[in-house]
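What follows is a single structure, written as structure tokens, with notes after it.
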Amino acid sequence: MDLKFECDRRSYYGPYELIAYKSNTNFKVPKNPVGRTGVIGRGRLFRWGPNHAADPIVTRWKRDKNGNIVKHDETKKQILEFVAIQRRNTGEWAIPGGMRDPGEKINKTLLREFKEEALNINNNENGIGFNKFERIVVNTKNLDKLLDKFFKGGTEIYKGYIDDPRNTDNAWMETLACNFHDETGNIVGNFRLMGGDDAKDARWMDLSGSLKLFASHIDLLREVAIMRRAHW
């Protein structure tokens, strides 16, 4: 733990090496444990070494107008839908998620990122959510209770190093991805999705191996499909 900057510099990958940043200096920086990227320094990332993120994968079963679960015509497996957001900076579709704030517990990061990016809600201490793009103020105390309960039932999908275009030789992304599944579709399945914060759009999307998503998010979704025995 780095108490000065209130962040956890430990890597899910394990211990990593410190190397000289440049040959004419004693300044030591972390060495990417996976290998060279062709870029030295910290790049566009906040911290040297591991930059911890959290990715909440929220799913439900796709249903027809009569409420029956839809199966894929070819694989005959049930089709999962997941909450996808469109990144504001690149336009790519992705799983909601983001960086862990200093001193923040990871379960709080998962919930906060989902609320900010997929529901466009930022809470203050009184439980009042502010939708900053539509400038709507709503009471979210009941919503918070529902979300808190739902996000306690997640299943860890992956924890470790991830391929990311921002990775450098000395700074890299790591994530904890958890699946939060709404089996009946009556909990978060009824929420109105709206992109917020770093997301300009949010929607339910069919989970499929043919999707083109940001970074290595497709790999995380494949693990969810396998776990839920869903169409891929």
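The values are calculated or read from the model by the stated rules, or taken from the named source; none is laboratory data. The structure presented is a predicted model; accordingly, all values stated were derived computationally and were not measured. Note that we place each Cβ from the backbone using ideal geometry, even for glycine, and neighbour counts take in every protein chain shown. Note: accessible area is taken over every heavy atom of the protein model, side chains too, but ligands, DNA and RNA are not part of it. Shrake-Rupley method; radii C 1.70, N 1.55, O 1.52, S 1.80 Å.
Quick notes
- Condition met for R222 (open to solvent by 70 Å² or more (accessible area, probe 1.4 Å) and in a strand (DSSP E or B)): no
- The set of residues in the range 20-60 that are open to solvent by less than 10 Å² (accessible area, probe 1.4 Å) and over 25 Å from P102 (Cβ atoms) comprises V58, T59.
- The range 154-211, subset aliphatic (A, V, I, L, M) and in a strand (DSSP E or B), residue surrounded by the fewest Cβ atoms within 10 Å (Cβ to Cβ): M205
- Meets criteria (touching a strand residue (DSSP E or B) at 6+ places or on another chain (Cβ under 8 Å), modelled with pLDDT of 95 or more, surrounded by 15 or more Cβ atoms within 10 Å (Cβ to Cβ) and at negative phi) for R63: yes
- Tabulated pairs, the range 220-232, first within 14 Å of K77 (Cα to Cα), second in a helix (DSSP H, G or I) and open to solvent by 80 Å² or more (accessible area, probe 1.4 Å), C-beta under 8 angstrom, 6+ apart or interchain: W232/R222; W232/I226
- Tallying residues that are closer than 24 Å to G185 by Cβ and among the polar types (S, T, N, Q) within the range 73-103 yields 3.
- Verdict on R87 being over 27 Å from L143 (Cα atoms) and either in contact with a strand residue (DSSP E or B) (Cβ under 8 Å, 6 or more places away or on another chain) or β-branched (V, I, T) (or both): no
- Count - residues of the range 55-102 that are within 20 Å of A230 (Cβ to Cβ) and part of a strand (DSSP E or B): 18
- Test: residue in the range 135-153 that is assigned to a loop (DSSP other than H, G, I, E, B), at pLDDT 90 or above and of a type outside the set (D, E, K, R): yes
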